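Asker: After the C-alpha cells below, expect a handful of questions from me.
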Amino acid sequence: MTRESVQWYVDTALVKMLGRAEDLGDELLSTRPDVEGANSVYALVVHCCGVMERWGGEAIAGRTISRDRASEFTATGTLAQLEELVAAQRRRWVDDLAGFDPGAAPRGPAPRDDGDPEVITQEFVALHVVEELFQHLGHVDLTVDLLRS
C-alpha cells in the first residue's frame, strides 16, 4: 500500500465524518443518543483524531505523544472547533507519513493484539488506522440516524 493510497482512505473517512457532523449542526453534535454506551458524533471524531495521532504520530513517525484517550469520549464542542481539530490532525498525519515505508518496522511502539501478524510493519499500522476510521464512520452514521429519528 502506498502513502497516497493510505492518505486517500483517511481523507475519505474524515470528509464523510465531517459531512455527517454538519448534518447534525451544533445543536446535536455533542449529543449522545439514548443508547447505553453510545458516544456523540463530536466525541467519535475527536477519538479518530486521537487514533491518528497515536498510530501515525507515535507508531509510524516515532514522535512521543501525550494522549488522554478517555477524555476523547467526553469531548464536546462546535462544528467549527471540530473542523479545526480535524484539519490540524490531518496536517500532522501528512507530516507523520512523509517517511512512510510500508515494509519497515514502526518507528515507535506498536503493541500487538492476539491475531495480529507476527511482524508488525508500518503498512499494518496504517491499515489499522484506516480500519478504525471506517469503523467509527459507521458509528457516526448510526449516531446521526438515531439522533435524527
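The values are calculated or read from the model by the stated rules, or taken from the named source; none is laboratory data. Everything numeric in this text was worked out from a predicted model, so none of it was measured. As a convention, Cβ positions derive from the backbone with ideal geometry for all residues, glycine included, and neighbour counts pool all protein chains shown. The accessibility values were calculated without ligands, DNA or RNA, using every heavy atom of the protein model including side chains. Shrake-Rupley method; radii C 1.70, N 1.55, O 1.52, S 1.80 Å.
Asker: Using just the helices of the chain, give the 222 nm mean residue ellipticity in deg cm²/dmol: DSSP H runs with n ≥ 4 each add -39,500 (n - 2.57), and the total is spread over all residues, rounded to 500.
Answerer: -19500 deg cm²/dmol
Asker: Could you work out how far apart the two model spin labels at residue 146 and residue 27 are, taking each label as a point 7 Å from the Cα in the direction of the beta carbon, and quote it in nm?
Answerer: Those two pseudo-labels are separated by 2.0 nm.
Asker: Run the 1.4 Å probe and let me know the accessible area of residue 95, rounded to the nearest 10 Å².
Answerer: 110 Å²
Asker: Something else now. Using a/c under 1.5 as the rounded threshold, could you call region 77-149 rounded, prolate or oblate? The axes a ≥ b ≥ c are square roots of the C-alpha gyration tensor eigenvalues, and prolate needs a/b larger than b/c, oblate otherwise.
Answerer: oblate
Asker: Among 94, 129, 45, determine the one that fluctuates most according to a GNM of the chain built with springs between C-alpha atoms less than 10 Å apart.
Answerer: The residue that fluctuates most here is 94.
Asker: Could you work out how far apart the two model spin labels at residue 78 and residue 127 are, taking each label as a point 7 Å from the Cα in the direction of the beta carbon, and quote it in nm?
Answerer: 4.2 nm
Asker: Please say if region 69-110 is rounded, prolate or oblate, where rounded means a/c under 1.5 for a ≥ b ≥ c the square roots of the C-alpha gyration tensor eigenvalues, and otherwise the choice is prolate for a/b larger than b/c and oblate otherwise?
Answerer: oblate
Asker: From the phi of every residue in region 103-118, what ³J(HN,Hα) in whole Hz does the Karplus formula 6.51 cos²θ - 1.76 cosθ + 1.60 yield, where θ is phi - 60° and glycine or proline is x?
Answerer: Ordered by residue, 3J(HN,Hα) equals x, 7, 5, x, 7, x, x, 9, x, 9, 10, 3, x, 5, x, 4 Hz.
Asker: Each residue of region 66-83 in turn: what ³J(HN,Hα) in whole Hz from Karplus with 6.51, -1.76, 1.60 and θ = phi - 60°, glycine and Pro shown as x?
Answerer: 10, 10, 10, 4, 4, 6, 4, 7, 10, 5, 9, x, 9, 4, 4, 5, 5, 4
Asker: Calculate one ³J(HN,Hα) per residue across region 19-32 by plugging θ = phi - 60° into the Karplus curve 6.51 cos²θ - 1.76 cosθ + 1.60, and present them in order as whole Hz with x for glycine and proline.
Answerer: After applying 6.51 cos²θ - 1.76 cosθ + 1.60, I find x, 5, 4, 4, 4, 7, x, 4, 5, 10, 4, 9, 8, 8 Hz.
Asker: If I compute Cα Rg over 2.2 N^0.38 Å from the structure I just sent, which labelled value in (i) 1.51; (ii) 1.05; (iii) 1.10 lines up?
Answerer: Checked against the structure: label (ii).
Asker: With an 8 Å cut-off on Cα pairs and a minimum separation of 6 or more residues, tell me the relative contact order of region 34-91 in percent.
Answerer: After rounding, I find 47 percent.
Asker: With +1 on each Lys and Arg Cβ and -1 on each Asp and Glu Cβ, and nothing else charged, work out how big the dipole of region 22-80 is about its Cα centre, in Debye to the nearest 20.
Answerer: The calculation lands at about 400 debye.
Asker: When only C-alpha pairs under 8 Å and at least 6 residues apart count, what is the relative contact order of the chain, in percent?
Answerer: Working: 195 pairs, mean separation 52.1, N = 149.
Worked out over the chain, it gives 35 percent.
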